[in-house]
Amino acid sequence: MLHRTARVVEHTPIADRTFRIRLHCPEIASAIRPGQFVMLRLPNTTDPLLGRPFALYDTLLDASGQAVAIDVVYLVVGKMTGRLVGVSVGESLDVWGPLGNPFLDVGTPDHVRLVAGGIGQTPFLAYARELLGERGFGGDRPRRRAPKVSLYYGVRTASLAAGVEDFRRVGVDVHLASDDGSLGYHGYVTALLAAEAGCGPLVGCGPEPMLRSLMKLAAEWGVPCQVSLETPMACGVGICFSCVTRVKTPDGGWDYRRVCIDGPAFDAQALGWE
Ligand SMILES: Cc1cc2nc3c(=O)[nH]c(=O)nc-3n(C[C@H](O)[C@H](O)[C@H](O)COP(=O)(O)OP(=O)(O)OC[C@H]3O[C@@H](n4cnc5c(N)ncnc54)[C@H](O)[C@@H]3O)c2cc1C
Ligand code: FES
């Protein structure tokens, strides 16, 4: 884990209350892998005191193919993200990472379905690029793991859909849903997915009710499923225990695991959610 002060090199609105921020931090950019995250903290202030976790959206390569910057896409929801909006190009942020684990190995299936709700699409762009062999991360050469990757992406309303063209550009088959019918399928993204005959692994990220529906669907279809959790975190490195979730234990009971160091992605069957 590296702790760096990273210069903001781009900061762009990409949807309603949603921004992409690009941070120059070559060491973190060249080590981080899809599924991992970073903690961001505003420098020179103790308000807010704690950093906040954000998924790797993508990395930027220089002319020689070296990763030099990371992209994070964030939705403004509260204190830190509300202040992050005011950070300008040329200013700096405290960044620590790579944190957590990459997505679990899905093998080499014919088709991987990524299922996102809300701001849950953010970990999937880099992952799709890796699965399709379009880009390598963490120093790896590109290696195709799946010929087809689909994104099922549900938002409350059309104006919140962020980064859809980024996914299409790298060859992802995109299916959209909205709660109010203003974009794509009218209803929950899990209902859109349920209408398809499914095989191959499911990978989810989004609000807990959506993840629960996804896990149920995966059990019905008999397919592997992993979910990446967005549990609030204080330290990101395993010290504070603010991020625990329930997992099943071999004796048939359950125990807590820290999402920051044991996740953020978990096999759905390992989670001890009631
Ligand atoms: C591994 C991981 C990756 C993440 N990746 C992204 C990402 O790529 N883009 C992004 O926009 N967000 C992401 N998040 C969520 C992000 O960390 C929170 O939105 C952020 O911490 C909010 O900070 P804030 O100070 O603006 O809000 P706060 O002022 O701390 O909180 C505002 C409100 O939001 C609620 N809240 C805060 N965090 C969460 C949360 N994680 N889940 C549900 N409610 C919450 C609070 O209870 C409060 O009601 C990720 C979270 C995790 C754990
Ligand atoms: S965030 Fe501190 S232990 Fe997980």
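The values are calculated or read from the model by the stated rules, or taken from the named source; none is laboratory data. Given the structure is predicted, the values throughout are model-derived calculations rather than measurements. Cβ sites come from the backbone with ideal geometry, for glycine too, and all protein chains shown count toward neighbours.
Let's see how each residue does on (1) at pLDDT 95 or above; (2) within 16 Å of ligand 2 (Cβ to nearest atom); (3) part of a loop (DSSP other than H, G, I, E, B); (4) touching a Ser or Thr at 6+ places or on another chain (Cβ under 9 Å):
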{"residue": "5", "(1), (2), (3), (4)": "yes, no, no, yes"}
{"residue": "30", "(1), (2), (3), (4)": "yes, no, no, yes"}
{"residue": "38", "(1), (2), (3), (4)": "yes, yes, no, no"}
{"residue": "45", "(1), (2), (3), (4)": "no, no, yes, no"}
{"residue": "74", "(1), (2), (3), (4)": "yes, no, no, yes"}
{"residue": "77", "(1), (2), (3), (4)": "yes, no, yes, no"}
{"residue": "83", "(1), (2), (3), (4)": "yes, no, no, yes"}
{"residue": "98", "(1), (2), (3), (4)": "yes, yes, no, no"}
{"residue": "106", "(1), (2), (3), (4)": "yes, no, yes, no"}
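Residues in segment 153-181 that are of a type outside the set (A, V, I, L, M, F, W, C), under 22 Å from residue 213 (Cα atoms) and assigned to a loop (DSSP other than H, G, I, E, B): how many? Count: 5.
Of 118, 171, all but one fail to be surrounded by fewer than 19 Cβ atoms within 10 Å (Cβ to Cβ) and on the phi > 0 side of the Ramachandran plot; the exception is 171.
Taking the residues in segment 208-248 that are of a type in the set (Val, Ile, Thr) and free of Cβ contacts under 8 Å to residues at least 40 places away in the same chain as candidates, determine which candidate is farthest from ligand 1 (Cβ to nearest atom). Break it down into steps so the answer makes sense when it comes.
First pass over segment 208-248, keeping only residues of a type in the set (Val, Ile, Thr): 223, 227, 231, 237, 239, 244-245, 247.
Okay, now just the ones that are also free of Cβ contacts under 8 Å to residues at least 40 places away in the same chain, so 223, 231, 239, 244-245, 247.
On the way: 223: 24, 231: 5, 239: 15, 244: 12, 245: 11, 247: 16 Å.
Here the residue is 223.
Across segment 225-261, the number of residues qualifying as closer than 21 Å to residue 122 by Cα and away from ligand 2 (no atom under 16 Å from the Cβ) comes to 3. Within segment 7-28, the set of residues being over 16 Å from the mean Cα position of the chain (by Cα) and either of a type in the set (Ser, Thr, Tyr) or assigned to a strand (DSSP E or B) (or both) comprises 7, 8, 9, 10, 11, 12, 13, 14, 15, 23, 24.
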